[in-house]
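Take a look at the structure set out below.
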Amino acid sequence: VKTARYVLVFTFTVQIAAAIILSTQFIPQFGLAKGIYYSIFHSISAFCNAGIDLFGNFTIVTSYYNNPVVILTLGCLIIIGGLGFYVWQELYTSGVKRLSTNTKLVLTVTAILIFGGMALMFIFEMNNPATIKNMDLRGKLLSAWFAAVTPRTAGFNSISTADMSPAARFLTIILMFIGGSPGSTAGGIKTTTFGILFLTVVSVVKGRDDVEVYKKRIGRELVIRAISITFIAMCLVTIVTMILCVTEQGASLEYIIYETVSAF
């Protein structure tokens, strides 16, 4: 009961606060009633990593690419929902200095994926006139950051996904496959699974028998579970992709893989 109460209070508090911030942008554009409704709807959609919008014509939030209030608010909602309730509960109750290994791993992997993904998106798209080439520096940075945040796994976009370079679309597929964190509103194989897999590879390369992180040993059962989850996920994506290659004649392999991983 205590945990359920915390989840509900935390969820409503974050969503209401974000809706108030978004209303400062949507009310002047859509009017009072519609602006409030749009603010609440998109706040919930972003926090829950749903990726559903009401703007129509497949525009998503592309018209707000240079609006830091909308982009940063939606992006932060996606991150907050994607980190998971247990992580936020531990940050609130224990503080930064007494975090568990799980929370440390979640925060580290999330930060690497966000800022590493942002840097790669910026590099891949900086010379693409169909996306960010003609934007000012603020628009480029906001779009690159949002393009790294939203695939895990919200589905919003501030630049046209179809017009992205092949490298950026491939990076989007990777980010979608990894997804969010355990106990969160996001999907994917989870950041901890990816983190354990990466640390396992590092241990093998260094010739170590144990997988370690933050001077703690990760149990062999967790390593096996992480490998199994990833293998099952890859098999599922591969089988569905093969089926769609047969049924969806004329669709490119990239398109089918993108849609399959997105659904997964």
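When the scattering of region 29-172 is computed by the Debye formula from its Cα atoms alone, each counted once and equally, what is log10 I(q)/I(0) at q = 0.19, 0.21 Å⁻¹?
Evaluating at q = 0.19, 0.21 Å⁻¹ gives log10 I(q)/I(0) of -1.11, -1.26.
Given a 1.4 angstrom probe, what's the average accessible area per residue across the chain, in square angstrom?
Heavy-atom accessible area per residue stands at 54 Å².
For q values of 0.13, 0.25 Å⁻¹, compute log₁₀ I(q)/I(0) with the Debye formula on a Cα-only model of region 191-264, without solvent.
At q = 0.13, 0.25 Å⁻¹ the computed log10 ratios are -0.53, -1.04.
With the dipole of the chain worked out from charges on the C-beta (+1 for Lys and Arg, -1 for Asp and Glu) around the Cα centre, which of THR101, PHE115, LEU197 lies farthest toward the positive end?
THR101
For ILE21, what accessible surface area do you get with a 1.4 Å probe? Give it in Å², rounded to 10.
Roughly 80 Å² of ILE21 is accessible to a 1.4 Å probe.
When the accessible area of region 57-133 is computed with all protein chains present and a 1.4 Å probe, what percentage of it is carbon and sulfur?
67
In whole percent, what relative contact order does region 180-225 give with Cα contacts below 8 Å and a gap of six or more residues?
23
For region 141-231, which whole percent of the accessible surface, found with a 1.4 angstrom probe, sits on carbon and sulfur atoms? Please list the in-between numbers first.
On the way: 2740 of 4290 Å².
For region 141-231, the apolar C and S fraction of the accessible surface comes to 64 percent.
Explain nothing, just the number: dipole magnitude of the chain about its Cα centre with +1 on each Lys and Arg Cβ and -1 on each Asp and Glu Cβ, in debye rounded to the nearest 20.
980
Grab the DSSP H runs of the chain that are 4 residues or longer, score each as -39,500 (n - 2.57), total them, divide by all residues and round the 222 nm result to the nearest 500 deg cm²/dmol.
For the chain, the value works out to -22500 deg cm²/dmol.
Counting only C-alpha contacts under 8 Å and six or more residues apart, can you give the relative contact order of region 105-158 as a whole percent?
Relative contact order comes out at 35 percent.
Taking 8 Å as the Cα distance limit and 6 or more residues as the minimum spacing, I'd like the relative contact order of the chain as a percentage.
Relative contact order of the chain: 17 percent.
If I require 30 Å or longer along the helix axis, counting alpha carbons, and a Kyte-Doolittle average no lower than 0.0, what helices from the chain are left? Use full DSSP H segments.
Helices meeting the span and hydropathy rule in the chain are 2-30, 101-125, 220-247.
Work the Kirkwood hydrodynamic radius out for the chain: mean of 1/r over every pair of different alpha-carbon atoms, inverted, in Å.
Hydrodynamic radius (Kirkwood, Cα only) of the chain equals 19.7 Å.
Any idea what Rg and Dmax come out to for region 145-226 if you just take the C-alpha atoms, in Å?
15.6, 46
The values are calculated or read from the model by the stated rules, or taken from the named source; none is laboratory data. Small disclaimer: the values here were computed from a predicted structure and weren't measured. Positions of Cβ are backbone-derived with ideal geometry, glycine not excepted, and every protein chain shown enters the neighbour counts. The protein model used for the area step is the full one, side chains on, heavy atoms only, and it has no ligands, DNA or RNA in it. Shrake-Rupley method; radii C 1.70, N 1.55, O 1.52, S 1.80 Å.
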